[in-house]
Amino acid sequence: MTTRNVTTNARNHSLTRRKFLATGCIALSGAAVGSRAGRLLASESPKPPDMPNIDPGYVGPQFFDEREEQALLEVLESRSPFRYWGPRRPTKVLRFEESFAKYMGARFALAVTSGTAALDCAVAGLGIGPGDEVIVPAYTWWSDYTCVVHAGALPVFADIDTTFNLDPQDFERKITPRTKAVIAVHLLGGPCDMDPIMETARKRGVMVLEDCAQCVGGSHRGRKLGGIGDVGIYSFQVNKMITSGEGGAVVTSDPAIYERAARFHDMGTIRSVFLDRLGPSTVKTFAGENFRMSEFTGAVLGAQLTKLDSMIAQLSRNAEAIYDGIRNLPGIRLRRRPDPAGDIGYAVYFETGSKDTRNRCIRELRNRKVPASTLTGSVLLPIEESVINKRARHPDWPSFNTPHGREIKYGADCCRQTLDIFDRFVQIRIGAKYTQRINDYIVDSIRDVYNSLA
Ligand SMILES: *Cc1c(COP(=O)(O)O)cnc(C)c1O
């Protein structure tokens, strides 16, 4: 196939594809509403004829258009899908890194294959290893735990508070002389309470890794998340904000962290593109991985990044409309938000008095086709069987074989506050494409259900 053929075929199909892209925003599947309980309930529920079709869907793909299409075609036509060389000089990943660093207010960005890979690179960048402890929130995604274990270091759990993020007081309590870093995870679209976290970390000499996978583009007091601590990571998997299906990034303003992370992502070696940014190398070659991003991924992400601000604007407009509609309900307690202006509007949250009430609330809301659920997208890590039993890839793995590694106990007792918060909050997902009618419908439904509980 010649280059021309690639172009012509693509153009011939572009009408159908455009139609697909256009309808993708509206005809969203029911998958996002999903647990087993939800589907059972949905089949019993009444269906008023005027009920809007509410499905938040996946955000990034709803914004796919000619810009992603054009960028992908450019990679095909250039026949240069590898980021470092090809018949034509590849620029997609390179440019994406530059734009992404600028957007996040950091000196450097490194594009990688996933958020999990980004965490492994960030941990390598910070020089974390056997004997070190890393404080991790008890409720977060697996990768925040596995990146510590893969480094041979010891994960120490701290509770979340009603921000759903690291409780700054419990973080401080969990610091020992062995604590090297803390992973501040900005979960479910909302920033951590960064002021006390940074203050404690700086005072106690603990490095801060910000995991922004669930809050890409969020901010705290005007600073983009990921650029506040020593290093930040992002995921571009389909559940997150901007997406290429899979993908991730690391940002930092520290040249030594950047060089170590860049080396780790590419077999321990360093390419000229990084030295162009860094100047002379200061780190010797060490054993690394291959987490290099392809030009196809970089092409899609470059296009998606130009839309991140409008994704956030649409989501947060809808989220704030719903918060505004429910905040005056008598006695209602919402998620605590250290900086509401930095929230990306992934979902809205309110508290109930008990797990039973929460379940009743979710059931009632789902009967009305409102996408209500428990908190989603993370794991109560300390009560996972493989965590309780400290199972790594080898029984002699260094993480759990230091004196303190043998001594530490995971399980429910190390995260009571987290379990309690998890059990009492209701989550309502927000869609970027929700109309005012949908927002009003959700507000009315929450008000009805909330009032019926009293
Ligand atoms: C999704 C996610 C990751 C991992 O990202 P992947 O791209 O799926 O590897 C890490 N941390 C958090 C908080 C996440 O939600």
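Read through the list (1) within 26 Å of Gly115 (Cα to Cα); (2) in contact (Cβ under 8 Å) with a residue 12 or more places away in the chain, then give the number of the only condition that Ile332 fails. Every listed condition holds for Ile332 apart from (1).
Quick one: which residue in Asp266, Asp343 is acidic (Asp, Glu) and touching a residue at least 40 places away in the same chain (Cβ under 8 Å)? Before the answer, list the steps.
Numbers: Asp266 fails: touching a residue at least 40 places away in the same chain (Cβ under 8 Å).
Just a single option satisfies the conditions, and that option is Asp343.
Here's the yes/no breakdown for (1) assigned to a loop (DSSP other than H, G, I, E, B); (2) closer than 22 Å to Met293 by Cα; (3) touching a Phe, Trp or Tyr at 6+ places or on another chain (Cβ under 6 Å); (4) within 16 Å of the ligand (Cβ to nearest atom):
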{"site": "Glu172", "(1), (2), (3), (4)": "no, no, no, no"}
{"site": "Ile183", "(1), (2), (3), (4)": "no, no, no, yes"}
{"site": "Lys203", "(1), (2), (3), (4)": "no, no, no, no"}
{"site": "Leu209", "(1), (2), (3), (4)": "no, yes, no, yes"}
{"site": "Ile233", "(1), (2), (3), (4)": "no, yes, no, yes"}
{"site": "Val238", "(1), (2), (3), (4)": "yes, yes, yes, yes"}
{"site": "Met241", "(1), (2), (3), (4)": "yes, yes, no, yes"}
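Taking the numbered list (1) buried (at least 18 other Cβ atoms within 10 Å of the Cβ); (2) more than 16 Å from the ligand (Cβ to nearest atom); (3) in a helix (DSSP H, G or I) in turn, Pro90 passes all entries but (3). Can you work out which of the residues in segment 399-454 that are outside any helix (DSSP H, G or I) and small (Gly, Ala, Ser) is farthest from Asp324 (Cα to Cα)? The qualifying residue farthest from Asp324 (Cα to Cα) is Gly411. Output yes when any residue across segment 218-231 is more than 16 Å from the ligand (Cβ to nearest atom), in contact with a Lys or Arg (Cβ under 8 Å, 6 or more places away or on another chain) and not in a strand (DSSP E or B), and no when none is. Within segment 218-231, not a single residue is more than 16 Å from the ligand (Cβ to nearest atom), in contact with a Lys or Arg (Cβ under 8 Å, 6 or more places away or on another chain) and not in a strand (DSSP E or B). Taken over segment 89-133, the residue count meeting the criterion of being in contact with a Phe, Trp or Tyr (Cβ under 7 Å, 6 or more places away or on another chain) and more than 12 Å from Val250 (Cα to Cα) is 1.
Taken over segment 243-280, the criterion of being among the aliphatic types (A, V, I, L, M) and assigned to a loop (DSSP other than H, G, I, E, B) is satisfied by Met267, Ile270.
Please pick out the residue among Asp276, Asp211 that is surrounded by fewer than 24 Cβ atoms within 10 Å (Cβ to Cβ), closer than 17 Å to Phe100 by Cβ and among the acidic types (Asp, Glu).
Numbers: Asp211 fails: surrounded by fewer than 24 Cβ atoms within 10 Å (Cβ to Cβ).
Exactly one of Asp276, Asp211 is surrounded by fewer than 24 Cβ atoms within 10 Å (Cβ to Cβ), closer than 17 Å to Phe100 by Cβ and among the acidic types (Asp, Glu), namely Asp276.
A Cβ distance below 8 Å, combined with a sequence gap of six or more or placement on separate chains, defines the contacts here; from segment 127-146, residues that are of a type in the set (D, E, K, R) reach residues that are part of a loop (DSSP other than H, G, I, E, B) and away from the ligand (no atom under 14 Å from the Cβ) in the pairs Asp132/Ala151; Asp132/Ala153; Asp132/Arg178; Glu133/Ala153; Glu133/Thr176; Glu133/Arg178. Taking the criterion of being among the small types (Gly, Ala, Ser), surrounded by fewer than 23 Cβ atoms within 10 Å (Cβ to Cβ) and away from the ligand (no atom under 11 Å from the Cβ), the residues of segment 102-146 that qualify are Gly105, Ala106, Gly127, Gly129, Gly131.
Here is a check on your reading of the model: is Gly131 of a type in the set (Gly, Ala, Ser) and within 23 Å of Leu419 (Cα to Cα)?
Details: of a type in the set (Gly, Ala, Ser): yes; within 23 Å of Leu419 (Cα to Cα): no.
Taking the combined requirement at face value, the residue does not satisfy it.
Among the residues of segment 147-170, the one identified as among the small types (Gly, Ala, Ser), buried (at least 21 other Cβ atoms within 10 Å of the Cβ) and more than 16 Å from the ligand (Cβ to nearest atom) is Ala153. Within the bounds of segment 232-246, is there any residue that is touching a His at 6+ places or on another chain (Cβ under 6 Å) and not hydroxyl-bearing (Ser, Thr, Tyr)? The answer is no, given that none of the residues of segment 232-246 is touching a His at 6+ places or on another chain (Cβ under 6 Å) and not hydroxyl-bearing (Ser, Thr, Tyr).
Look at (1) outside any helix (DSSP H, G or I); (2) within 11 Å of the ligand (Cβ to nearest atom) and you find that Leu188 fails only one, number (1).
State whether the residues of segment 364-382 include one that is crowded, with 18+ Cβ neighbours inside 10 Å, within 18 Å of the chain's Cα centre (by Cα) and away from the ligand (no atom under 16 Å from the Cβ). No.
Read the figures in this text as sums done on the coordinates, not as results from a lab. All values reported here derive from a predicted model rather than from experimental measurement. All Cβ positions, even for glycine, are placed from backbone atoms using ideal geometry, and neighbour counts span all protein chains on display.
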